[in-house]
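Visitor: Mind looking over this structure? Questions follow.
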Amino acid sequence: MAQSRSIAEIRDTSLADALSERYLTYALSTITSRSLPDLRDGLKPVHRRLLYAMRQLRLDPTGGFKKCARVVGDVIGKYHPHGDQAVYDALVRLAQDFAVRYPLVDGQGNFGNIDGDNPAAMRYTEARLTEVAQLLLQGIDENAVDFRTTYDGEEEEPLVLPAAFPNLLANGAQGIAVGMATSIPPHNVAELCDALRHLLKHPNASPETLMGFIPGPDFPTGGVLVEDSTAVKEAYSTGRGTFRVRAKWVVEKLKGGVWQIVVTEIPYQVAKAKLIEKIAELLQARKLTMLGDIRDESTTEVRLVLEPKSRTVEPDVLMESLYRQTDLESKFSLNMNVLVDGKSPRVVSLREVLTHFIDHRREVLERRTTHRLERIARRLEVLEGYLAVYLNLDETIRIIRDKDEPKPVLMKRFSINENQANAILDMRLRSLRKLEEMEIRSEHKALTQERKELKELLASDDKKKQALADQFGEVKKQFGPTTALGRRRTEIGSAPVAVAVPLEAMVEREPITVLYSKMGWIRAVKGHLDSAGISDAKYKEGDSGRFAAPMQTTDKLLIFASNGRFYTIAGDKLPGGRGHGEPLRLMIDLGNDDDVIAIFAQNSAQRLVISSNDGRGFIVKEEDVTAQTRTGKQVLNLGDKARAAVCAMIPGQATHVAVIGDNRKLLVFPLSELPEMARGRGVVLQKYQSGGLSDLKAFRLAEGLSWQAGERTRTETDMRPWIGKRAAAGRLPPTGFPKTNKFS
């Protein structure tokens with residue numbers, strides 16, 4: 001026997017069209033069913049289902065708690081067929097007072113903390129609704145919103161909540177859908193209520209007017225909003241923008257003129273533990289040169305202690321450097337991409353959000369009023385039936401006792417309808433004693449008056465506006481600035497004034513002493529060594545110290561060689577002092593016959609006197625001798641057989657130059673007789689019949705000429721016998737001058 005088969009329709013279509021159609025369906029499903037909040041109640045489906053499931057479990061604010069596992073089980077079993085961990089994460093976030101400005105869930109147990117620690121498992125934690133959540137659900141049993149069947153057809157769930165609380169802006173929202181995202185910061189509900197009441201009276205209010213009520217976001221973790229007011233206005237007008245938030249801090253004075261900075265509030269969505277870890281990493285990497293240490297002294301309140309490296313540092317400059325490099329300053333993006341009427345994703349402005357919320361509340365008001373009118377009508381119908389039989393109670397009882405079908409008899413006898421007859425028949429005997437005419441007429445009168453007022457409300461737009469304004473006023477009263485939850489937390493600051501952070505402040509600056517040995521090895525040891533420390537420095541076997549130069553790691557080391565060239569090495573590029581260092585020839589291109597004459601830290605304001613061994617020289621500025629390459633910079637030009645011999649710094653008050661030759665003749669002449677050049681051979685400093693220049697020194701004539709004699713320093717104050725003109729021969733030095741013919 002042949003079986004009949006139904007053949008499905010086969011339709012030719014391109015793969016691209018089929019993929020586009022299916023991807024669009026998936027994208028729309030993700031947008032509307034997962035990621036974007038509804039403009040009216042500010043909730044995503046998972047949050048809405050959580051609150052509704054908790055209400056069905058009677059987890060009221062004044063009632064007891066239930067295990068979160070029970071709540072999650074009901075949600076995924078009845079309304080939201082997704083993973084339990086995802087649903088629990090959504091529940092946890094609604095209970096975190098550092099993540100949600102006005103928590104919708106009252107949690108009991110470990111729900112995580114601002115450090116970023118995870119909450120306990122759902123089997124350990126308990127939850128119930130908050131008063132804010134109750135406002136969102138208020139009137140849900142009064143036909144205020146539409147319902148739909150759940151995924152399995154066994155239950156019903158609301159399409160949207162009545163939302164007597166402006167949740168979208170009050171708590172904000174974040175989500176990423178397919179091809180679009182949303183990011184809405186939280187705001188202060190008291191300010192929102194003031195703006196809503198103003199918008200009821202002035203539907204076309206400008207963004208500037210609304211910003212008079214809502215100056216900016218109000219983050220649960222506080223901080224200071226430092227975005228320019230023009231940028232804030234633009235963001236609220238277009239629905240897109242950014243808000244810059246900084247940590248709030250104070251300066252605490254300690255003993256001895258010491259101070260420390262205490263951070264009391266951090267930007268929104270910044271995990272405190274990760275912030276401290278990041279600052280510690282930057283400290284270790286020597287990128288926070290003005291910060292000495294950081295400590296976390298937080299309890300239930302945030303308290304981060306920042307110790308400056310030096311009390312001479314300005315607190316504003318220190319914090320400015322931290323703002324630039326850490327999350328003590330962060331930006332929160334505004335992208336008010338929401339579902340308008342629960343269907344259409346669209347970026348809306350601040351005024352549009354408030355206007356649509358008012359429209360939703362107006363619709364809820366009308367539906368609840370209509371529902372109440374229907375209930376009043378049913379009750380009045382019953383009361384009128386009671387009044388019809390009140391004077392004939394005995395007759396009514398007789399009919400009920402004697403007749404097999406009393407309903408039609410009652411309807412005919414007292415001219416009442418079926419509903420009224422059913423109400424009389426359903427009445428318990430004990431209620432007969434309460435059936436008094438005065439009570440019935442009093443209730444009938446009160447309900448009649450209420451029905452009249454409700455009909456007037458439905459017929460008058462002004463009365464609807466007044467009713468909505470009263471509702472917003474009640475919300476403000478319940479969560480206003482006089483309450484702990486309603487007090488504004490984020491301070492509205494002005495755009496920050498640029499604080500100049502010196503470049504050197506951004507780099508680690510440490511004192512070092514550069515040691516150069518006779519065998520040509522160079523190294524940098526920490527600290528500025530005194531003469532004893534320099535003498536105690538260890539060298540390789542057979543080697544000893546030759547030069548020592550104190551400087552900072554941010555300085556540059558200048559090296560003057562016998563070839564007349566200057567070489568430059570950055571302080572942080574010098575080998576450390578743990579070993580014996582490195583040969584200098586590996587760092588700069590010194591010839592085999594060249595020798596180092598002097599090393600010192602560069603000072604751009606400093607001047608030098610340089611000279612060759614044939615007695616020719618000139619003055620040069622340090623800023624003109626900085627070399628950019630390993631080959632150095634030729635500054636002193638040398639004649640045949642001449643070599644660079646001396647490089648001496650000129651003190652700021654120097655007036656004269658003292659030169660001494662190998663022939664042990666000393667000559668002193670005014671410093672002004674030396675030319676200042678950037679490069680050249682120079683002029684003759686002293687004449688020699690034999691030998692050449694041994695040493696020179698710039699000094700202040702009024703203070704006399706000093707030289708080192710062993711461990712003592714000797715000074716000759718009367719230099720008149722040796723003063724002459726440049727290029728003279730000079731005469732023998734004072735008694736006691738070193739036989740080495742060197743000033744030091």
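Please treat every number below as a calculation from the coordinates, not as lab data. All figures in this text were calculated on a predicted structure; none of them were measured in a lab. Cβ sites come from the backbone with ideal geometry, for glycine too, and all protein chains shown count toward neighbours.
Visitor: Are there GluC sites (Glu not before Pro) in the range 534-629 that DSSP puts in a loop and that have at most 16 other Cβ atoms within 10 Å, and which ones?
Guide: Loop-located and lightly packed - 541.
Visitor: Which of the listed residues, 438, 20, 417, is farthest toward the dipole's positive end in the chain, when Lys, Arg count +1 and Asp, Glu count -1 at the beta-carbon?
Guide: It is 20.
Visitor: Going through the range 324-354, which trypsin sites (Lys or Arg not before Pro) have at most 16 other Cβ atoms within 10 Å and a DSSP loop state?
Guide: 343
Visitor: What full-extension length gain, to one decimal in nm, is calculated for residue 123 and residue 395 as 0.36 nm per residue of separation minus the Cα-Cα distance?
Guide: 91.7 nm
Visitor: If I require 15 Å or longer along the helix axis, counting alpha carbons, and a Kyte-Doolittle average no lower than -1.0, what helices from the chain are left? Use full DSSP H segments.
Guide: Passing helices, by number: 15-30, 45-56, 84-95, 189-201, 272-284, 315-325, 350-390.
Visitor: I'd like the FRET efficiency for residue 141 and residue 16, computed as 1/(1 + (r/R0)^6) with the beta carbon distance as r and R0 of 56 Å, rounded to 0.05.
Guide: Plugging the Cβ-Cβ distance into 1/(1 + (r/R0)^6) gives 0.70.
Visitor: Here's a follow-up. Number of Lys pairs in the range 202-327 with C-alpha atoms less than 27 angstrom apart, excluding same-chain neighbours closer than eight positions?
Guide: 18
Visitor: So if we plug the beta-carbon distance of residue 683 and residue 281 into 1/(1 + (r/R0)^6) with R0 = 51 Å, what FRET efficiency do we get, rounded to 0.05?
Guide: 0.35
Visitor: What ranking do 608-614, 664-670 get when scored by the average of other Cβ atoms within 10 Å per residue, highest first?
Guide: 608-614, 664-670
Visitor: How large is ³J(HN,Hα) for each residue in the range 553-570, as worked out from phi by the Karplus curve 6.51 cos²θ - 1.76 cosθ + 1.60 (θ = phi - 60°), to whole Hz, x for Gly and Pro?
Guide: In residue order, the calculated couplings are 5, 8, 7, 10, 8, 9, 10, 10, 10, 5, 7, x, 9, 9, 10, 10, 10, 5 Hz.
Visitor: Over the C-alpha atoms of the range 475-617, what are the Rg and the largest Cα-to-Cα span, Dmax, in Å?
Guide: Over the range 475-617's Cα set, Rg and Dmax evaluate to 26.3, 95 Å.
Visitor: Roughly speaking, what % of Cα-Cα pairs in the range 353-478 are separated by over 21 Å, rounded to a whole number?
Guide: For the range 353-478, the share of Cα pairs beyond 21 Å comes to 54 percent.
Visitor: Test of understanding: express the Cα radius of gyration of the chain as a ratio to 2.2 N^0.38 Å, with N the residue count.
Guide: Relative to the 2.2 N^0.38 Å estimate, the chain comes out at 1.65.
Visitor: Please order 356, 202, 80 by the number of other Cβ within 10 Å, starting at the fewest.
Guide: Least to most surrounded, the residues fall as 202, 356, 80.
Visitor: Further question: Obtain the nm distance between the two label points defined at residue 230 and residue 719 by a simple spin-label model: each point lies 7 Å from its Cα along the Cα-to-C-beta direction.
Guide: The answer from the label model is 6.2 nm.
Visitor: Turning to a different aspect of this structure: Restricting to Cα atoms and excluding each atom paired with itself, what does the Kirkwood estimate give for the range 43-162 in Å?
Guide: Result for the range 43-162 stands at 14.4 Å.
Visitor: Next up: With the cut-off at 31 Å, tell me which of the pairs 403/455; 538/573; 201/455 have Cα atoms farther apart than that.
Guide: Over 31 Å Cα-Cα: 403/455.
Visitor: Could you tell me what a quarter of the Cα convex hull surface of the range 503-722 works out to, in nm² with one decimal place?
Guide: Hull-based average projected area comes out at 13.4 nm².
Visitor: Would you mind getting me the FRET efficiency between residue 573 and residue 631? Use the beta-carbon distance for r and R0 = 22 Å, nearest 0.05.
Guide: According to the calculation, E is roughly 0.85.
Visitor: Please sort by residue number the GluC sites (Glu not before Pro) in the range 107-190 whose DSSP state is loop and whose Cβ has at most 12 other Cβ atoms within 10 Å.
Guide: Those satisfying the criteria are 154.
Visitor: If amide hydrogens are placed 1.01 Å from N in the peptide plane, which non-local residues have theirs closer than 5 Å to the one on residue 227?
Guide: 244
Visitor: Rounded, prolate or oblate: which one fits the range 249-306, using the alpha carbon gyration tensor with axes a ≥ b ≥ c (rounded when a/c is under 1.5, else prolate when a/b beats b/c, else oblate)?
Guide: Oblate, because a/c is 1.5 or more while a/b does not exceed b/c.
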